[in-house]
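Following: one structure in structure tokens, then a few remarks.
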Number of protein chains: 2
Amino acid sequence: MTSSPPQRAPARIELTEVGLRDGLQNEARVLSTEHKLELLHGLHRAGLRRFELTSFVSPRAVPALADAAELVAAAKGLADARFSALVPNLRGAERALEVGIDRVVLFVSASETHNARNVNRSIDASLAGFADIVERLSGSGIEVQGAIATAFGCPFEGDLPAGRIGELARRLGELGIDDLTLGDTTGMATPAVVSRVVGEIAEQAPAARPILHFHNTRGLALANVMQGLSLGVTRYESAVGGLGGCPFAPGASGNLATEELIYLLEELGYDTGVSLESLIEVAGLAARRLERAPGSQLARAGTRLRLHRPDAVPTAKG
Amino acid sequence: MTSSPPQRAPARIELTEVGLRDGLQNEARVLSTEHKLELLHGLHRAGLRRFELTSFVSPRAVPALADAAELVAAAKGLADARFSALVPNLRGAERALEVGIDRVVLFVSASETHNARNVNRSIDASLAGFADIVERLSGSGIEVQGAIATAFGCPFEGDLPAGRIGELARRLGELGIDDLTLGDTTGMATPAVVSRVVGEIAEQAPAARPILHFHNTRGLALANVMQGLSLGVTRYESAVGGLGGCPFAPGASGNLATEELIYLLEELGYDTGVSLESLIEVAGLAARRLERAPGSQLARAGTRLRLHRPDAVPTAKG
């Protein structure tokens, strides 16, 4: 046996793989479209079905994602797969509409300083832009998701004032945006902060469907997932191999690794439909393509029941 | 604010720092006694008080701990500090008695194969040896703790048969050994396995006081702590800087890092009495002495509220 049976059938977890976008955007090396598709197909074979694929941003701003339209066009047709992409403005939304994405993600920071640094405008101006995009996409069949960066703390401002996230979620709800990623942009989430943020949203924007997106910058990503699950949150984003990084902590890791998330969920009794072995292989492939070590403990160590011959390895005392 | 206030005052957590023993024993470099004392004093200044300091094993078997007697003698007198050491046999116990340790730790594996590889005898023979040691130390004032290696799975045998751990805990209890480390020797613990193992012990050895000792080999150490806390376990062991490693997973990390454990506990509302900043400094010192990068995310990234100037750093999108 690998785990005790759960007390009752747990809720279905909705997983979105963000490695190709949030992961590759923050890696030193730029992958070719061909290599991105190789990873995508590997992830799909492993059982993943929802992918945040790219961003329709300026190729000058994010060279790693300059092939957005080409990548989406080449990815389409993968069985049962759903693709989303970030769009920063109306022009990006129109590019996404043209190429036929399933969902666009509109991003704003919870902190004014971070939003200014990230998109050079105020939070109010970001939300006004969202209204235009929502109107433009109305009737197109494209879903609209929001993403709040620095939702668990800002590297410039520190902890957010109480009520800030709840208010932002409420305002996004007024625009018709209920699917809402809470991004732990620089790895400041802790279980206590997760409880506070999720609680604020439940109170001020009860129609919102929170999606938790943790970075493992300070090692707490899976502890935060445990907290999210205990609060009833069933939507998570992660990146195979822990792709990505944090510009404020050059030696630290990036996104929560999808393989570690799947490992935890399966051990907690959730049936994710994803093959952990296959996922670890894709993490290894991504690391080779990026010419670095895999960014997750699990990808380096292998699955727990990969057994060893007693005469072939050193032993560990204690 | 750094976290929500807890709903009620949480239980007091008993922390034992094992970096000087379980950490250094599995590092490639051997530290001098002087450098070990430097780390010990730093850990004590940070607020830690319980230390597993060394092992009274053969210097040939574990050269890194060859200075056991000298280290204990030099460590004694540190205010309020309590020192334990592993002893493999009666001779080791007598050496520990002579130098005046506060507590000895007797270790046995839950798996026959691992016990044979580790100490070259059967589990029965190990327990018979414990009986002799307990008798020898009776009346000495030295406390006796048990440590069950491979308590959450064995790298040779896989998952343990149901009831194995509970039976071992019961037999140790019959010897008068109730303080019981459950060692995740090669990082096979998951929340489900933690529940099963702790449950077995509560059922078959209700007087036992379990001490959870996780390795972060596959990234789940803090998720396992969350599970332990939810089960009411209040005793944990960890190693500053995530010192140590796993002979079965050369690229993976070692022990749960004390700084990440303290970070999680403080954020959950526990008052550990330990300075996180000071602990991160000691983790950095240990890494420099061992000439490698710190083995914890937190030590690499720094505390969450170390803020940045908006004009001085790159930004992170999404």
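Read-outs: derived from the displayed coordinates by stated rules, not from any lab. Keep in mind the model is a prediction, meaning the values are calculated, not measured. With ideal geometry, Cβ positions are generated from the backbone for all residues, glycine too; neighbour counts draw on all protein chains shown.
Peptide B:239-248 is shielded by partner chain Cβ atoms: per residue, an average of 2 of them sit within 10 Å of its Cβ. Mean per-residue shielding of peptide A:151-161 is 4, counting Cβ atoms of other chains within 10 Å of each Cβ. Label zone of A:A61 (point 7 Å out along Cα→Cβ, amide N under 15 Å): in region A:68-102 this covers A:68, A:85-96. Between A:R29 and B:R209, the modelled labels are 5.2 nm apart [label points 7 Å from Cα along Cα→Cβ]. For chain B, the spread of Cα positions along the three principal axes, ordered from largest to smallest, is 66, 42, 38 Å.
Most exposed first by the Cβ proxy, i.e. fewest other Cβ within 10 Å, how do B:T113, B:T272, B:T190 rank? Numbers along the way, then the final one.
Details: B:T113 16, B:T272 19, B:T190 26.
Starting with the residue having the fewest Cβ neighbours, the order is B:T113, B:T272, B:T190.
Could you tally the net charge around B:D102, taking each other residue with its Cβ under 13 Å from the Cβ of B:D102, Lys/Arg +1 and Asp/Glu -1? Don't skip to the answer; put the middle values down first.
Numbers: positive: B:R49, B:R50, B:K76, B:R82, B:R103; negative: B:E52, B:D80, B:E143, B:D179.
Result for the neighbourhood of B:D102: +1.
Considering only C-alpha atoms, what is the centroid distance from region B:27-101 to region A:106-134, in Å? The two parts, judged by their Cα centres, are 56 Å apart.
Under a model in which nothing but the beta-carbon of Lys, Arg (+1) and Asp, Glu (-1) is charged, the protein assembly as shown shows a dipole of about 680 debye around its Cα centre.
For chain B, the longest principal axis of the alpha carbon atoms and the long axis of helix B:191-204 meet at an angle near 40°. Distance between the C-alpha centers of region B:150-222 and region A:262-294? Whole Å please. Centre-to-centre distance over Cα atoms comes out at 26 Å. Label zone of B:A202 (point 7 Å out along Cα→Cβ, amide N under 11 Å): in region B:140-169 this covers no residue at all. Each other copy holds its own label point for A:A11; taking that point as 7 Å from Cα along Cα to Cβ, the gaps run 2.8 nm, nearest first.
Residues B:L86, B:L265, ranked from the fewest to the most other C-beta atoms within 10 Å, line up as B:L265, B:L86. With angles folded into 0 to 90 degrees, how steeply does helix A:123-137 sit against the dominant principal axis of chain A? Use alpha carbons for both and round to 10. In chain A, helix A:123-137 runs at an angle near 90 degrees to the longest axis. Here the extension length gained between A:E98 and A:R12 equals 27.7 nm, from 0.36 nm per residue of separation less the Cα-Cα distance. Secondary-structure-derived ellipticity at 222 nm for chain B, considering helices only, amounts to -11500 deg cm²/dmol, per-run term -39500 (n - 2.57) for DSSP H runs with n ≥ 4.
Report for region B:14-301 the percent antiparallel among DSSP-assigned beta bridges with both residues inside it, nearest 5. Mind dumping the intermediate values first?
Numbers: 2 of 34 bridges.
Once the DSSP bridges in region B:14-301 are tallied, antiparallel ones form about 5 percent.
Shortest first, B:A125 label-point distances to identical copies amount to 7.7 nm, with the label point at 7 Å from Cα along Cα→Cβ.
Residue-level result for chain B: its Cβ closest to the axis carrying B onto A, with that distance in Å, is B:M226, 2. Against chain B, whose longest principal axis is taken from its Cα atoms, helix B:276-290 shows a tilt of about 70°. Shortest first, B:K76 label-point distances to identical copies amount to 7.9 nm, with the label point at 7 Å from Cα along Cα→Cβ. Once R0 is set to 45 Å, what does the formula 1/(1 + (r/R0)^6) return for the Cβ-Cβ distance between B:S138 and A:D271, expressed as a FRET efficiency to the nearest 0.05? The calculated FRET efficiency here is 0.30. For B:A73 and B:R309, the FRET efficiency from 1/(1 + (r/R0)^6), where r spans their Cβ atoms and R0 equals 60 Å, is about 0.75.
Summing Cβ point charges (Lys, Arg +1; Asp, Glu -1) relative to the Cα centre of region A:14-301 gives a dipole of roughly 520 debye.
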